[in-house]
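Engineer: Before anything else, here's the structure in question.
The values are calculated or read from the model by the stated rules, or taken from the named source; none is laboratory data. Remember, predicted model here, so these are calculated numbers, not experimental data. Cβ placement follows ideal geometry from the backbone for every residue including glycine, while neighbour counts extend to all protein chains displayed. These accessible areas exclude ligands, DNA and RNA; they are computed on the full protein's heavy atoms, side chains included. Shrake-Rupley method; radii C 1.70, N 1.55, O 1.52, S 1.80 Å.
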Amino acid sequence: MGYLSQPSEHSNMKPISLAKMDENEELCSYASWLEKHPSVLDNFEKVMSVAEGKEIVVFLDYDGTLSPIVDDPDKAYMSDVMRAAVREIAYCFPTAIVSGRCKDKVYEFVKLRNVYYAGSHGMDISTPSGSSKCEDQKHQIKGVDEKGNHVVHFHPAKEFLPTIQEVMEIRPNVNWDKGCALMYLLDTLGFDNFNNVLPIYLGDDRTDEDAFKVIRHIGQGFPIVVSSIAKETQASYSLRDPSDVLAFLIRLARWKKNMLHKTK
């Protein structure tokens with residue numbers, strides 16, 4: 001008759017020891033990664049020292065940045081305190097949320113009217129005015145929002161939108177990405193002269209890397225990756241998770257208010 005043998009003391013110790021080694025290696029790897037992509041919270045004063053006199057524009061991803069990553073995408077709710085922080089940031093700086101989700105779905109989660117929304121990886125954007133630099137004006141459609149305000153809807157890949165909106169991870173093979181969306185938004189907001197603008201972009205997804213590259217190309221601004229693990233990125237700085245994002249947004253709004261008091 002067969003039987004199940006009881007694990008010995010040594011057999012129990014080995015997997016625990018290996019798990020500990022893996023954990024230590026992961027911590028060492030992350031610590032090494034942080035040397036190249038340091039926490040923007042730990043370096044806040046250094047970062048903001050170059051921001052004085054610049055026009056800051058804030059760009060935020062949604063999933064994994066403003067809300068935690070969850071198994072059910074329909075339950076990726078942002079907290080009330082995060083919503084309050086984003087509202088405050090948008091009062092201080094032009095602020096846009098750039099997401100892989102469809103624009104309407106992002107708005108359902110965020111519920112703020114003082115931010116700009118770029119959905120479907122930046123392929124569905126609505127702004128008060130369009131861009132004069134847009135090569136194909138047929139992608140810009142004038143309309144009116146629910147308040148009666150004039151808006152311009154920008155759809156550089158309109159034929160792909162239904163598919164993107166159903167599966168937000170899908171990004172079609174077109175010459176448009178979150179980096180292009182960042183440039184489009186800067187232009188529509190009147191920041192076509194990069195000498196005076198300082199874009200700050202927070203995102204955790206590989207599609208955000210396109211925006212990080214654009215900021216590096218501009219030569220000023222701060223691409224900030226949200227990640228608790230070491231990974232390849234074009235970001236200059238990092239934050240661990242949405243709780244760090246919240247702390248950063250609160251601190252950034254406070255910095256702006258302090259600067260306003262100094263000028264009075």
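Each row is one residue, and each column tells you yes or no for (1) touching a Lys or Arg at 6+ places or on another chain (Cβ under 7 Å); (2) surrounded by 13 or more Cβ atoms within 10 Å (Cβ to Cβ); (3) in contact (Cβ under 8 Å) with a residue 12 or more places away in the chain; (4) more than 18 Å from D244 (Cβ to Cβ).
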| position | (1), (2), (3), (4) |
| --- | --- |
| M48 | no, yes, yes, no |
| V57 | no, yes, yes, yes |
| D74 | no, no, no, yes |
| V81 | no, no, yes, no |
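Engineer: Go through K103, K54, K36, K111 for me and flag whichever is more than 27 Å from N258 (Cα to Cα) and in contact with a strand residue (DSSP E or B) (Cβ under 6 Å, 6 or more places away or on another chain).
Structural biologist: None of the others qualify; the one that does is K103.
Engineer: Then there is this: Filter the stretch 67-104 for residues that are more than 22 Å from Y201 (Cβ to Cβ), outside any loop (DSSP other than H, G, I, E, B) and either acidic (D, E) or in contact with a His (Cβ under 8 Å, 6 or more places away or on another chain) (or both) and give the result.
Structural biologist: Once the filter is applied, which keeps residues that are more than 22 Å from Y201 (Cβ to Cβ), outside any loop (DSSP other than H, G, I, E, B) and either acidic (D, E) or in contact with a His (Cβ under 8 Å, 6 or more places away or on another chain) (or both), the stretch 67-104 yields D74, D80, D104.
Engineer: Quick one: in the stretch 217-237, of everything that is touching a Leu at 6+ places or on another chain (Cβ under 7 Å) and touching a residue at least 40 places away in the same chain (Cβ under 8 Å), which residue is nearest to V50 (Cα to Cα)?
Structural biologist: Q220
Engineer: Would you confirm whether any residue within the stretch 244-263 is free of Cβ contacts under 8 Å to residues at least 40 places away in the same chain, over 23 Å from A85 (Cβ atoms) and either in contact with a Gly (Cβ under 6 Å, 6 or more places away or on another chain) or outside any helix (DSSP H, G or I) (or both)?
Structural biologist: No, there is no match, as no residue in the stretch 244-263 is free of Cβ contacts under 8 Å to residues at least 40 places away in the same chain, over 23 Å from A85 (Cβ atoms) and either in contact with a Gly (Cβ under 6 Å, 6 or more places away or on another chain) or outside any helix (DSSP H, G or I) (or both).
Engineer: Here's another thing I want to ask about it. For the stretch 196-211, enumerate the residues that are touching a residue at least 24 places away in the same chain (Cβ under 8 Å), outside any strand (DSSP E or B) and not hydroxyl-bearing (S, T, Y).
Structural biologist: Those that are touching a residue at least 24 places away in the same chain (Cβ under 8 Å), outside any strand (DSSP E or B) and not hydroxyl-bearing (S, T, Y): N196, D204, D205, D208, E209, D210, A211.
Engineer: Oh, and also: Look through the stretch 231-264, keep the residues that are at pLDDT below 95 and among the hydrophobic types (A, V, I, L, M, F, W, C), and return whichever of them is farthest from Y201 (Cα to Cα).
Structural biologist: L260
Engineer: Could you please find all residues in the stretch 105-123 being in a loop (DSSP other than H, G, I, E, B), touching a residue at least 24 places away in the same chain (Cβ under 8 Å) and open to solvent by 30 Å² or more (accessible area, probe 1.4 Å)?
Structural biologist: Result: K111, N114.
Engineer: Only one of these is closer than 17 Å to G179 by Cα and either among the hydrophobic types (A, V, I, L, M, F, W, C) or at pLDDT 95 or above (or both): I141, I97. Name it.
Structural biologist: Going through I141, I97 in turn, the sole match is I97.
Engineer: Kindly indicate whether any position in the stretch 85-102 is open to solvent by 70 Å² or more (accessible area, probe 1.4 Å), over 20 Å from V226 (Cβ atoms) and of a type outside the set (S, T, Y).
Structural biologist: So far as the stretch 85-102 goes, no, none of its residues is open to solvent by 70 Å² or more (accessible area, probe 1.4 Å), over 20 Å from V226 (Cβ atoms) and of a type outside the set (S, T, Y).
Engineer: Using the structure shown, decide if R240 is open to solvent by 60 Å² or more (accessible area, probe 1.4 Å), of a type in the set (K, R) and closer than 19 Å to R83 by Cβ.
Structural biologist: When the stated conditions are applied, R240 does not pass them.
Engineer: Suppose the filter is at pLDDT 90 or above, open to solvent by less than 10 Å² (accessible area, probe 1.4 Å) and either among the charged types (D, E, K, R) or over 12 Å from the mean Cα position of the chain (by Cα) (or both); does K213 pass it?
Structural biologist: Against the criterion (at pLDDT 90 or above, open to solvent by less than 10 Å² (accessible area, probe 1.4 Å) and either among the charged types (D, E, K, R) or over 12 Å from the mean Cα position of the chain (by Cα) (or both)), K213 does not qualify.
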